[in-house]
Amino acid sequence: MKACAAMLCLLPALATAEPLVRDCDSYIANARNLSRPFDQATREFANGEVAILSLLLDEPACCGAHLMVTYPDPYEGFAQCRLVTTADEMGYASFDLVSAQAAYDPATGLVLSLPARQFDGSDFAPLTVEVTVNRAVGEVYATERR
């Protein structure tokens, strides 16, 4: 009963939490924003079926880094695209795709851990952005770990 009460207390916080994953129908997800050098701006996982692309906008200078995730639609077969960004869509300071780690969890899907940096108002703080790609249901989730 106490566990249920604790979960009920968390529901308002969960309901107001802004998602980090958006559709790619945005100026952010434009090909001109692909980070350079290109060979360090893309990575493929799951035998090439899942790709992540580092995007970098010129503005805001502190935090224009975003992440694009492409994967096959489980129902139609064509590529789906999701944008991983901060809740306010300002973006991160940077992503390190070269150091990205991948793991597979049969219950949730492909889990990618990406080192990143985020401007905290005075400095660039390190964090890890975890992106889960569940190809079975065609969903992408992202969380931040500090």
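Taking every residue in region 114-140 that is within 18 Å of Asp88 (Cβ to Cβ) and pairing it with any residue that is open to solvent by less than 80 Å² (accessible area, probe 1.4 Å) and outside any strand (DSSP E or B), at least 6 positions away or on another chain, the pairs with Cβ-Cβ distances below 6 Å are Arg117/Ala93; Gln118/Ala93; Phe119/Cys62; Phe119/Cys63; Phe119/Ala93; Phe124/Ala93. So for region 45-68 (the condition being touching a Cys at 6+ places or on another chain (Cβ under 8 Å), closer than 17 Å to Cys24 by Cα and either in contact (Cβ under 8 Å) with a residue 12 or more places away in the chain or not in a strand (DSSP E or B) (or both)), does at least one residue qualify? Yes.
Restricting attention to region 118-133 and to residues that are in a strand (DSSP E or B) and over 13 Å from the mean Cα position of the chain (by Cα), the residue that is surrounded by the most Cβ atoms within 10 Å (Cβ to Cβ) turns out to be Gln118. Considering every residue within region 95-110, establish whether at least one is in contact (Cβ under 8 Å) with a residue 12 or more places away in the chain, in a strand (DSSP E or B), touching a strand residue (DSSP E or B) at 6+ places or on another chain (Cβ under 9 Å) and of a type in the set (A, V, I, L, M). Yes, region 95-110 has at least one match. Condition check: within 11 Å of the chain's Cα centre (by Cα) and assigned to a strand (DSSP E or B). Does Leu114 satisfy that? Against the criterion (within 11 Å of the chain's Cα centre (by Cα) and assigned to a strand (DSSP E or B)), Leu114 qualifies. Which one is most open to solvent (accessible area, probe 1.4 Å) among residues in region 50-62 that are out of contact with any His (no Cβ under 6 Å at 6 or more places or on another chain) and at pLDDT 95 or above? So, considering only residues that are out of contact with any His (no Cβ under 6 Å at 6 or more places or on another chain) and at pLDDT 95 or above, the one most open to solvent (accessible area, probe 1.4 Å) is Leu56.
Tell me, yes or no, whether region 73-92 has at least one residue that is touching a Phe, Trp or Tyr at 6+ places or on another chain (Cβ under 6 Å), aliphatic (A, V, I, L, M) and part of a strand (DSSP E or B). No, region 73-92 contains no residue that is touching a Phe, Trp or Tyr at 6+ places or on another chain (Cβ under 6 Å), aliphatic (A, V, I, L, M) and part of a strand (DSSP E or B). For the structure I just gave you, tell me whether Pro106 is under 21 Å from Cys24 (Cα atoms) and either of a type outside the set (A, V, I, L, M, F, W, C) or surrounded by 14 or more Cβ atoms within 10 Å (Cβ to Cβ) (or both). In short, no.
The values are calculated or read from the model by the stated rules, or taken from the named source; none is laboratory data. All figures in this text were calculated on a predicted structure; none of them were measured in a lab. With ideal geometry, Cβ positions are generated from the backbone for all residues, glycine too; neighbour counts draw on all protein chains shown. In case anyone asks, the SASA skips ligands and DNA or RNA and just uses the protein heavy atoms, side chains included. Shrake-Rupley method; radii C 1.70, N 1.55, O 1.52, S 1.80 Å.
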